[in-house]
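A quick write-up on the structure given underneath.
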Amino acid sequence: MGSRLSISPPPDFDFARDVCSYGYFLLMPNEWDPTTQRMRRPLHVESGVAVFTLSQPGGRGKPVIASCDRTLSRSEQSDARAQIRRMLQMDDTGVGAFHKVDRRWKKGGRARLFRSPTLFEDLIKTVTSCNVTWPSTVNMNRRLCETISPAFPTPAQLSRRKPQTLRARCGVGYRDQRLVDLARLHVRGEIDPAWLEDPGVPDDDVYKFLLGLPGIGPYAAGNVLQLLGRYSRLAIDTETIRHAKTYLGLTGTDRQITRAVEAHYEQFGAHKFRSYWFELWDFYEAKRGPAWTWEPRTTGASFTASKL
DNA sequence: GGTAGACCTGGACGC
DNA sequence: GCGTCCAGGTCTACC
């Protein structure tokens, strides 16, 4: 029998709602089971890969239970606990402030956005989501896990791969060199998660730094920013333009709409990404049902925003 | 500062 | 089964 971790969440934490709040819950190595409302997730710990099953059997506000397939040392348990808390945004201190500036989400409690156990995985996932439709992003992440590590490639593992191998075996296309370069920057300490996550560092400084990274343009930088828990900017892509036209009723050229969207979400200040995102998520759920019911291999893999 | 075109993959469609 | 077209951000060259 393996280790069993009991992780205390904030009182309003709702496992199914808060896991199924951002598309990354559908990307390997995350495996959401809509029937049992559990998530299977392998993590890197000191002695190798450990597979966890996460759930919240007691319901909202009760402990999240992480059952591991093997016995972990004390330090490994502590490491795994920190990774799980990061994924589930359990330490988000801005929930109340968000609900104050945008009261629409207070009743349902939406505020947390699911993310990865490491910033590096969030960076790579973001690059795999650029200039492709969602099914291709799903494929790239599956193949990265199948080819390099079942718990997602670490910076060291990815930095040692040849770009051509990534292209041939993981289907990442022209992103091959950029992914390897990102991994090498990470290994050399030139991407420093502690600095990027330091609340004392202004969002604008982080944004400018991210823009300088390979494969990271304005959309990707905005998205990584929100994955860092910094919601003061939008991540504008074609889906934003569609949302602006259909939901906000904006018209004009894409450039005009982009400017109008920026102006529209100004009212939500430091939380504008969340306000935008949950409007979008509501739209998806209206089309496909609650996100926690999405079957990852069918509904979750077939999403193509332009066809919604 | 703005714009055009290349970069890849996978799905849709027509034949 | 094959060929063609299209969606999707980033990057570079150029004006």
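Can you spot a residue in the range A:49-65 that is among the hydrophobic types (A, V, I, L, M, F, W, C) and more than 17 Å from residue A:152 (Cβ to Cβ)?
For the range A:49-65, residues among the hydrophobic types (A, V, I, L, M, F, W, C) and more than 17 Å from residue A:152 (Cβ to Cβ): present.
Which one of these is hydrophobic (A, V, I, L, M, F, W, C), touching a helix residue (DSSP H, G or I) at 6+ places or on another chain (Cβ under 6 Å), at pLDDT below 95 and within 24 Å of residue A:105 (Cα to Cα): A:234, A:308?
A:308
Can you find even one residue in the range A:145-165 that is within 16 Å of DNA strand C (Cβ to nearest atom), assigned to a helix (DSSP H, G or I) and of a type in the set (A, V, I, L, M, F, W, C)?
No, every residue in the range A:145-165 fails to be within 16 Å of DNA strand C (Cβ to nearest atom), assigned to a helix (DSSP H, G or I) and of a type in the set (A, V, I, L, M, F, W, C).
Which residue out of A:253, A:240, A:258 is under 20 Å from the mean Cα position of the chain (by Cα) and either over 27 Å from residue A:32 (Cα atoms) or surrounded by 16 or more Cβ atoms within 10 Å (Cβ to Cβ) (or both)?
Result: A:240 is the single residue among A:253, A:240, A:258 that is under 20 Å from the mean Cα position of the chain (by Cα) and either over 27 Å from residue A:32 (Cα atoms) or surrounded by 16 or more Cβ atoms within 10 Å (Cβ to Cβ) (or both).
I'm trying to understand the selection: among the residues of the range A:105-134, which are part of a helix (DSSP H, G or I) and under 16 Å from the mean Cα position of the chain (by Cα)?
A:119, A:120, A:121, A:122, A:123, A:124, A:125, A:126, A:127, A:128, A:134
For the range A:238-256, what are the residues that are without any contact (Cβ under 8 Å) to a residue 60 or more places away in the chain, under 15 Å from residue A:280 (Cβ atoms), of a type outside the set (Ser, Thr, Tyr) and touching a Ser or Thr at 6+ places or on another chain (Cβ under 9 Å)?
A:241, A:244, A:245
So which of A:153, A:117, A:135 is within 13 Å of DNA strand B (Cβ to nearest atom) and either over 18 Å from residue A:48 (Cα atoms) or buried (at least 17 other Cβ atoms within 10 Å of the Cβ) (or both)?
It is A:135.
Which ones in the range A:158-177 are more than 15 Å from DNA strand B (Cβ to nearest atom) and either among the hydrophobic types (A, V, I, L, M, F, W, C) or buried (at least 17 other Cβ atoms within 10 Å of the Cβ) (or both)?
Hits for the range A:158-177 are A:158, A:159.
Could you grab the pairs with beta carbons closer than 7 Å, sequence gap of 6+ or different chains, first residue in the range A:188-208 and closer than 17 Å to residue A:223 by Cβ and at pLDDT 95 or above, second one assigned to a helix (DSSP H, G or I) and of a type in the set (Gly, Ala, Ser)?
A:207/A:221
Considering (1) assigned to a loop (DSSP other than H, G, I, E, B); (2) on the phi < 0 side of the Ramachandran plot, say which one residue A:61 fails and leave the rest.
(2)
Which fully enclosed helices (runs of 4 or more DSSP H) of the range A:185-303 have 1 or more residues being over 22 Å from residue A:130 (Cβ atoms), away from DNA strand C (no atom under 14 Å from the Cβ) and not polar (S, T, N, Q)?
Ranges flagged: A:193-197, A:203-211, A:254-265, A:272-288.
Is there a residue in the range A:289-307 that is away from DNA strand B (no atom under 15 Å from the Cβ) and farther than 28 Å from residue A:34 by Cα?
No: the range A:289-307 contains no residue that is away from DNA strand B (no atom under 15 Å from the Cβ) and farther than 28 Å from residue A:34 by Cα.
Any residue that is without any contact (Cβ under 8 Å) to a residue 40 or more places away in the chain, crowded, with 17+ Cβ neighbours inside 10 Å, basic (Lys, Arg) and in a helix (DSSP H, G or I) - is there at least one of those in the range A:75-96?
yes
Is it fair to say residue A:147 is free of Cβ contacts under 8 Å to residues at least 60 places away in the same chain, of a type in the set (Ser, Thr, Tyr) and either away from DNA strand B (no atom under 13 Å from the Cβ) or surrounded by fewer than 17 Cβ atoms within 10 Å (Cβ to Cβ) (or both)?
In short, yes.
Residues checked against (1) more than 16 Å from DNA strand C (Cβ to nearest atom); (2) farther than 23 Å from residue A:297 by Cβ; (3) not basic (Lys, Arg):
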residue: A:74; (1), (2), (3): yes, yes, no
residue: A:78; (1), (2), (3): yes, yes, yes
residue: A:83; (1), (2), (3): yes, yes, yes
residue: A:108; (1), (2), (3): yes, yes, yes
residue: A:123; (1), (2), (3): no, yes, yes
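The values are calculated or read from the model by the stated rules, or taken from the named source; none is laboratory data. All values reported here derive from a predicted model rather than from experimental measurement. FYI the Cβ positions are ideal-geometry reconstructions off the backbone, even for glycines, and counts take in every protein chain you see.
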